[in-house]
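Here the structure comes first, spelled out in structure tokens, and everything after it is commentary.
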Amino acid sequence: MRIDSATRDQLQEWEKELSAQYQRICQHELSLDITRGKPSAEQLHLSDRLDGILNGDFRAADGTDTRNYGGLEGLVCARELGADILQVPTEEVLAGGNSSLTLMYHAVLTGYLFGFAGSKPWRELQSPKFLCPVPGYDRHFSICEQLGIGMVTVPMTDSGPDMDAVEEQIRNDRDIIGIWCVPKFSNPTGVTYSKETVDRLAQLGQFANPGFRIFWDNAYAIHDLEQQVNLPSIRAATQEHDTADSVLQFASTSKVTHAGAGVAFVSASTANLASLKKQMQAMTIGPDKVNQLRHSRFFAEFTMLREHMQKHAQILKPKFECVLNQLESAFGDSDLGGWEKPKGGYFVSFNTRPGCAAAVVKLAADAGVKLTPAGATFPYGKDPEDRNIRIAPSFPPLEELDTAMSVFVLCVKLASVRQQLEKL
Ligand code: PMP
């Protein structure tokens, strides 16, 4: 189906056919959901052995009684797990509670209220702002929005954020104090940053505001679907450019073990960690070390973690294939949309023709298929071109996903044809 070259008669015929199909689907009273990137029950089962794994032995290898208070930085064995995931030294890792998003929120608060490593608190600037590569992760944007931190969008490319745009913004605006990055299997486009991108990001600290920090949210560090994709080390690059303080790295086991009961990590320079700990110590006596110990027993060796992730991949792969096959057969030879083919992570990002995404989401909702709201991948929920839709294949069973995708492609076709008819 090629819309741009279609005649009015052709479009009218398509509209009639597609509307009839759509009406038939609506009669099925579906109730399907491909909104959030949650692991499926089958994936969660892979980690059920965590329950009871300690079997009454609550002491960590270093003798810590994990049931008791204390240890703001987390257990050493948990920090080692975080160090393996992020490929950084253990001393630079703090192991926290169950959510890396919470750690990111606290890091933003730290920068905003107190400043990092002796730099001025962001709240003292006239209009502190983050750079937001788009499409991006809505919850990052919510943190900025809630704290009144401005957001400046920069486009994502297939090698990471558009670095010319990033550098230009930073050179022209001293109030830019952060950038959100999901460097491997980015949410939602699935892109992994190239060596050049990582290297240029590492150089930003040489000319940005001294309080500027890269929020390196490596949520999908080990979530490869097939062979391992290599993300160049931001730590090595910042060391080379003498900008080690400019980056804060995050990860968690949320999509490794139990999504709501994992362990989260932040890794940073000694000076940055000291700033974070200063803020955190007023807030907590320490994290859930019992759960940290459970995790380090479950993954006694890093190879066990890798094997575990392969089991996730085996469950996820057919679901990604289902989404990609449906998109390819519906739109492979069309001008109705574009998408990426991720090699890992949790999402497929689909771009409709400009101005169609909200209509697609509404049509799908009316047919009983919930999609992530159009615009969610942009700050303030506003996609200026109204075209990006994030598809999350992980949660529904394969048959449901397949049905949801059939509805999705039908809605894309119908919305596109109707829009074109209105234009003519
Ligand atoms: N970062 C990204 C990029 C994510 O996609 C997600 C989950 N959707 C998170 C962070 C949340 O991580 P956590 O469960 O550790 O808070």
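The values are calculated or read from the model by the stated rules, or taken from the named source; none is laboratory data. Quantities reported herein were computed from a predicted structural model and do not represent experimental measurements. Note that each Cβ is placed from the backbone with ideal geometry, even for glycine, and that neighbours are counted across all protein chains shown.
Restricting attention to the stretch 1-15, which residues are of a type in the set (A, V, I, L, M, F, W, C) and either farther than 13 Å from residue 334 by Cβ or in contact with a Cys (Cβ under 6 Å, 6 or more places away or on another chain) (or both)? The one that is of a type in the set (A, V, I, L, M, F, W, C) and either farther than 13 Å from residue 334 by Cβ or in contact with a Cys (Cβ under 6 Å, 6 or more places away or on another chain) (or both): 11. Within the stretch 10-45, the set of residues being at pLDDT 95 or above, small (Gly, Ala, Ser) and in a loop (DSSP other than H, G, I, E, B) comprises 40 only. Being of a type in the set (A, V, I, L, M, F, W, C) and either surrounded by fewer than 24 Cβ atoms within 10 Å (Cβ to Cβ) or in a loop (DSSP other than H, G, I, E, B) (or both) is true of residue 395. Here is the figure for the stretch 159-197: residues that are in contact (Cβ under 8 Å) with a residue 40 or more places away in the chain and either within 19 Å of residue 125 (Cβ to Cβ) or surrounded by fewer than 16 Cβ atoms within 10 Å (Cβ to Cβ) (or both) total 9. Scanning the stretch 236-265 for residues being within 16 Å of residue 179 (Cα to Cα) and more than 14 Å from the chain's Cα centre (by Cα) gives a total of 7. Based on what the data block shows, is residue 81 at pLDDT 95 or above, over 24 Å from residue 391 (Cβ atoms) and either part of a loop (DSSP other than H, G, I, E, B) or within 27 Å of the chain's Cα centre (by Cα) (or both)? Taking the combined requirement at face value, the residue satisfies it. Are any of the residues in the stretch 294-316 more than 23 Å from the chain's Cα centre (by Cα), without any contact (Cβ under 8 Å) to a residue 60 or more places away in the chain and not in a helix (DSSP H, G or I)? Yes; the residues of the stretch 294-316 include at least one that is more than 23 Å from the chain's Cα centre (by Cα), without any contact (Cβ under 8 Å) to a residue 60 or more places away in the chain and not in a helix (DSSP H, G or I).
Contact annotation: residue pairs with Cβ atoms under 9 Å, 6 or more positions apart or on different chains, pairing a residue in the stretch 27-41 that is away from the ligand (no atom under 11 Å from the Cβ) with a partner that is in a helix (DSSP H, G or I) and of a type in the set (Phe, Trp, Tyr), are 34/408.
In contact (Cβ under 8 Å) with a residue 60 or more places away in the chain and surrounded by 15 or more Cβ atoms within 10 Å (Cβ to Cβ): is that true of residue 421 in this structure? Judged against the criteria, residue 421 is a match. Screening residue 126 with (1) within 16 Å of the ligand (Cβ to nearest atom); (2) assigned to a loop (DSSP other than H, G, I, E, B); (3) within 27 Å of residue 155 (Cα to Cα) gives one miss only, at (1). Return yes or no: is residue 379 surrounded by 22 or more Cβ atoms within 10 Å (Cβ to Cβ), in contact with a helix residue (DSSP H, G or I) (Cβ under 8 Å, 6 or more places away or on another chain) and over 30 Å from residue 16 (Cα atoms)? Answer is yes for this residue. The criterion of being among the hydrophobic types (A, V, I, L, M, F, W, C) and within 16 Å of the ligand (Cβ to nearest atom) does not hold for residue 54.
Close Cβ contacts (under 9 Å, 6 or more residues apart or on different chains) running from residues in the stretch 237-261 that are closer than 14 Å to residue 93 by Cα to residues that are acidic (Asp, Glu) and within 16 Å of the ligand (Cβ to nearest atom) comprise 249/217; 250/217; 251/217. Within the stretch 346-401, the only residue that satisfies the criterion of being farther than 23 Å from residue 418 by Cβ and free of Cβ contacts under 8 Å to residues at least 12 places away in the same chain is 399. Annotation for the stretch 224-237: at least one member residue is of a type outside the set (Phe, Trp, Tyr), within 24 Å of residue 44 (Cβ to Cβ) and crowded, with 18+ Cβ neighbours inside 10 Å.
Would you call residue 334 outside any helix (DSSP H, G or I), among the polar types (S, T, N, Q), away from the ligand (no atom under 16 Å from the Cβ) and more than 16 Å from residue 76 (Cα to Cα)? The answer is yes for residue 334.
Comparison of 48, 65 shows that the only residue that is in the same structural domain as residue 290 (by TED's automatic domain parsing) and either modelled with pLDDT of 95 or more or of a type in the set (S, T, N, Q) (or both) is 65. Could you tell me whether any residue of the stretch 278-291 is in contact with a Pro (Cβ under 8 Å, 6 or more places away or on another chain), farther than 15 Å from residue 106 by Cα and β-branched (Val, Ile, Thr)? No, there is no match, as no residue in the stretch 278-291 is in contact with a Pro (Cβ under 8 Å, 6 or more places away or on another chain), farther than 15 Å from residue 106 by Cα and β-branched (Val, Ile, Thr).
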